[in-house]
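Colleague: Here it is, the structure in full.
The values are calculated or read from the model by the stated rules, or taken from the named source; none is laboratory data. Source: prediction; values computed, not measured. Methodologically, a virtual Cβ is constructed for each residue, glycine included, from the backbone with ideal geometry; neighbour enumeration extends over all protein chains shown. Ligands, DNA and RNA are stripped out before the accessible areas are found, and what is left, the full protein with its side chains, is counted by its heavy atoms. Shrake-Rupley method; radii C 1.70, N 1.55, O 1.52, S 1.80 Å.
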Amino acid sequence: MPSDIRIYVIMIAIGGTLIFAVSFVPPLTTGGLALAPGVTQEDFDDAVARELKHCQSLDADLDCQCYADVSGYVLAQETAPIPFTRSMDQTELARRQAAPRC
């Protein structure tokens, strides 16, 4: 009987630890095109302007305003790194997400 109680205590401790650890992982995606916390309107506008120029320089059949909005949104976000992971270049990530949508 005492060993059953220890098992329950260990399970509760492991569950609590997992919940605590997951609460520190930053969100990987956000919905919509609302500005992320910490991003100023100027940063967003600069990123969109850069991506609009990039899209216009491409010889692809893209809606450049859509492309600039999506990739500018991704570029303007300040992403917190997840410990012990590597992420791809933010510009490449933004452009790969924007191209299929537009």
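Colleague: Output the residue which, of all residues in segment 1-45 that are at pLDDT 70 or above and in a loop (DSSP other than H, G, I, E, B), is surrounded by the fewest Cβ atoms within 10 Å (Cβ to Cβ).
Modeller: Within segment 1-45, the first condition is being at pLDDT 70 or above, and the residues that meet it are 3-25, 39-45.
Applying the additional criterion that residues be in a loop (DSSP other than H, G, I, E, B) yields 23-25, 39-40.
Details: Ser23: 7, Phe24: 9, Val25: 10, Val39: 16, Thr40: 10.
Going through the qualifying residues, I end up with Ser23.
Colleague: Quick one: what pairs do we get from segment 80-96, first residue within 28 Å of Lys53 (Cβ to Cβ) and open to solvent by less than 70 Å² (accessible area, probe 1.4 Å), second modelled with pLDDT of 70 or more and not aliphatic (A, V, I, L, M), C-beta under 7 Å, 6+ apart or different chains?
Modeller: Pairs that qualify, where the first residue is within 28 Å of Lys53 (Cβ to Cβ) and open to solvent by less than 70 Å² (accessible area, probe 1.4 Å) and the partner is modelled with pLDDT of 70 or more and not aliphatic (A, V, I, L, M), are Ala94/Ser71.
Colleague: Based on this model, can you work out whether Val48 counts as in a helix (DSSP H, G or I) and either touching a Gly at 6+ places or on another chain (Cβ under 7 Å) or modelled with pLDDT under 80 (or both)?
Modeller: On the way: in a helix (DSSP H, G or I): yes; either touching a Gly at 6+ places or on another chain (Cβ under 7 Å) or modelled with pLDDT under 80 (or both): yes.
The answer is yes for Val48.
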